[in-house]
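The values are calculated or read from the model by the stated rules, or taken from the named source; none is laboratory data. Just so it is clear, the model here is predicted, and its values are computed rather than measured. Methodologically, a virtual Cβ is constructed for each residue, glycine included, from the backbone with ideal geometry; neighbour enumeration extends over all protein chains shown. All accessible areas refer to the heavy atoms of the entire protein, side chains included, with ligands and DNA or RNA removed. Shrake-Rupley method; radii C 1.70, N 1.55, O 1.52, S 1.80 Å.
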Amino acid sequence: MLYQLHEFQKALLNPLSAWARAASETFMNASNPLSKIPGSSRLAASYELLHRLGKEYKKPEFGIQTVHAHGRDVAIHEAVIVTKPFCKLIRFKRFSDDVEVITKLKADPVVLVVAPMSGHHATLLRDTVRTLLQDHKVYITDWVDARLIPLEDGDFGLDDYVHYIQEFIRTIGAQDLHVISVCQPTVPTLGAISLMASAGEQTPASMIMMGGPIDARKSPTAVNNLADQKSFDWFESHVIYKVPPPHPGAGRRVYPGFLQHAGFMAMNPQNHMQSHWDFFKSLMQGDEDDANAHIRFYDEYNAVLDMDAKFYLDTIKTVFQDYALPNGTWKVGDELVKPQDISHTALLTIEGELDDISGSGQTRAAHKLCKGIPAERKDHYEVAGAGHYGIFAGRRWREKVYPKVKSFIRDHQEIHKKTKARPPALGSKTSD
């Protein structure tokens, strides 16, 4: 019933939110006499805040139209390469009419960004993608909201996630590919590449793992403690609900996005309250830059998706309760995941000093598991002063983390070239 109650509440709030928006515009519009009355700016700000607290947040667009690459602004075209029931593989194709720039674009390394399926949409990594596009050909996994997926498409578990990553790697081509996994997908990404190595398949040139729970026993955070302290049955009975009509996925068992969002907000309630108060003051003072920055952040932060129950529960048990990957007991289907079989893929792990989601050492644990990778092809970077989001978005990502990632990819691209034949260039004559 909880999901139905949430939908009912949303139906009640939508008209109120729309009215609040109209009222805010009334008191802000300079041509309206009401905007001249004393206190109009306070009324306008109050109604705008009410609108944003009550509105429904849709999935944002990536909205990347151009980037600066190789000294020129190049156009970006977003294209869906593979469509699966639970995910789309998107490529951000770069275009230029400068022959010299085209040549450089074609020579850039290929990167697959594996976005997390942990509540937010892949657009949360917009800054990651935009920055990478300066020097790389970029693909990203765009996970689909489970409430939009009909029951006939079946369940989606952790094993399916692994198989999706493998299919995407094969589609793009493992040769000269660099795989960046952010947060939760570090585990299935390592699983996917491990299984490919065990089967004798070609594996990517490098894998870059950022802030993920490879070994969640290390420096446990509040997220880890919750998963460890509650039983598997508790999660199944307390956070799993069926999608109600009229959504396409009606009847599907999911971990609802609105519950995840409540959890996000509960982690730092004072910070969110202060942020909304600052937004209110910015509106009153006419500070459009600060107000717009708040809007951009919360348009993304408040847009959440449902996760299929099987995937969520598989992840709780495998990653946070059984610690199956570091214990060497994780099986995908009947195949044991053996990271020690990886030998030709370089490894870079990145952690934030102040990360309160994936604690210190959780991602670095991948080095101990990947015994087959030579020491000279491994590296670890701890980002001073960075929290979880700071390692893949914002100033620290652009100024500290990205130069390290770019350098690591370039170095191991060259090493890879010496031992592997280069595949045909991707793209057309006018693009990368």
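Quickly rank 384-392, 118-126 as a protection proxy: mean count of other C-beta atoms within 10 Å, highest first. Show your work: numbers first, answer last.
Values: 384-392: 19.2, 118-126: 22.2.
The densest-packed peptide leads the list: 118-126, 384-392.
For the range 23-99, how big is Rg over Rh, using alpha carbon atoms and the Kirkwood form of Rh?
Working: Rg = 21.6 Å, Rh = 16.9 Å.
Across the range 23-99, the Cα-based Rg/Rh ratio is 1.28.
How large is the direction-averaged shadow of the alpha-carbon convex hull of the range 289-350, in nm²?
Numbers: hull surface 30.6 nm².
Taking the Cα atoms of the range 289-350, their convex hull projects to 7.7 nm² on average.
Under the 0.36 nm per residue contour assumption, what length would be gained going from the current alpha-carbon distance of Asn292 and Ala22 to full extension? Each step should come with its number before you reach the end.
On the way: separation 270, 0.36 × 270 = 97.20 nm, distance 1.82 nm.
Length gained, Asn292 through Ala22: 95.4 nm.
Cα gyration tensor of the range 8-156, axes a ≥ b ≥ c as square roots of the eigenvalues: rounded (a/c below 1.5), prolate (a/b > b/c) or oblate?
On the way: a/c = 3.81, a/b = 1.55, b/c = 2.45.
In terms of gyration-tensor shape, oblate.
When the helix-only estimate is applied to the chain (DSSP H runs of n ≥ 4, each -39,500 (n - 2.57), divided by the residue count), what is the mean residue ellipticity at 222 nm, nearest 500 deg cm²/dmol?
Numbers: 15 runs with 177 residues, N = 432.
The per-residue figure over the chain is -12500 deg cm²/dmol.
Compute the length gained on full extension between Lys106 and Glu382: take 0.36 nm times their separation in residues and subtract their Cα-Cα distance, giving the result in nm to one decimal.
Numbers: separation 276, 0.36 × 276 = 99.36 nm, distance 3.15 nm.
Residue separation times 0.36 nm, minus the Cα-Cα distance, leaves 96.2 nm.
If I compute solvent accessible area with a 1.4 Å probe over the protein chains, what percent of it on the chain is carbon and sulfur?
Details: 10360 of 19360 Å².
C and S atoms contribute 54 percent here.
Would you mind telling me which residue in Lys106, Lys137, Lys84 has the biggest mean-square fluctuation in a Gaussian network model of the chain, where springs connect alpha carbons within a distance under 10 angstrom?
Among Lys106, Lys137, Lys84, the largest mean-square fluctuation in the Gaussian network model of the chain belongs to Lys84.
Sort the range 102-213 into rounded, prolate or oblate with this rule: let a ≥ b ≥ c be the square roots of the eigenvalues of the Cα gyration tensor; rounded if a/c is under 1.5, and if a/c is not under 1.5, prolate when a/b is larger than b/c, oblate otherwise. Kindly include the intermediate steps, with their values, before the conclusion.
On the way: a/c = 1.79, a/b = 1.27, b/c = 1.41.
Oblate, because a/c is 1.5 or more while a/b does not exceed b/c.
According to the square roots a ≥ b ≥ c of the eigenvalues of the Cα gyration tensor, what is the shape class of the range 240-363, taking rounded for a/c under 1.5, prolate for a/b larger than b/c otherwise, and oblate for the remainder? Provide the component values of the computation, followed by the final result.
Details: a/c = 2.81, a/b = 1.54, b/c = 1.82.
Oblate, because a/c is 1.5 or more while a/b does not exceed b/c.
What does the highest-first list of 25-38, 55-68 look like by mean Cβ count within 10 Å?
Highest-to-lowest ranking by the protection proxy: 55-68, 25-38.
Full-extension gain between Ser360 and Gln321, please, as 0.36 nm times their residue separation minus the C-alpha to C-alpha distance. List each step's numbers first, then the result.
Values: separation 39, 0.36 × 39 = 14.04 nm, distance 1.82 nm.
Full extension of this stretch gives 12.2 nm more.
What spacing in nm lies between the two simple spin-label points modelled at Phe264 and Trp277, each 7 Å away from Cα in the Cβ direction?
The two pseudo-label positions are separated by 2.3 nm.
Kindly rank 272-283, 147-158, 173-184, 229-240 from highest to lowest mean number of other beta carbons found within 10 Å of each residue.
173-184, 147-158, 272-283, 229-240
Between the range 336-414 and the range 1-55, how far is it from one alpha carbon centroid to the other, in angstrom?
Each part reduced to its Cα centre gives a spacing of 44 Å.
Would you mind checking the pairs Lys378/Lys406; Lys218/Lys338; Lys59/Lys406; Lys84/Lys317 and listing those with alpha carbons more than 18 angstrom apart? Mind showing how you got there, number by number?
On the way: Lys378/Lys406 15 Å; Lys218/Lys338 20 Å; Lys59/Lys406 29 Å; Lys84/Lys317 25 Å.
As for pairs spanning more than 18 Å Cα to Cα, those are Lys218/Lys338; Lys59/Lys406; Lys84/Lys317.
Please give every one of the aspartates and glutamates within straight-line cross-link reach of Lys242, meaning a C-alpha to C-alpha distance under 16 Å, and leave out same-chain neighbours fewer than 8 residues apart.
Glu7, Asp145, Glu152, Asp153, Asp155, Asp306, Asp308
Given labels modelled 7 Å from the Cα in the Cβ direction, how far is it in nm from Ala199 to Asp73?
Rounded to a tenth, the inter-label distance reads 4.5 nm.
Expressed as a whole percent, how much of the Cα-Cα distance distribution for the range 1-56 exceeds 19 Å?
Numbers: 564 of 1540 pairs.
I get 37 percent for the Cα pairs in the range 1-56 exceeding 19 Å.
Choose one of Phe408, Pro85, Gly387: the residue whose Cα lies farthest towards the positive end of the charge dipole of the chain (beta-carbon charges +1 Lys, Arg; -1 Asp, Glu; about the Cα centre).
In the chain, that residue is Phe408.
Determine the per residue accessible area of the chain with all protein chains present and a 1.4 angstrom probe, expressed in square angstrom.
On the way: 19360 Å² over 432 residues.
For the chain, the per-residue accessible area is 45 Å².
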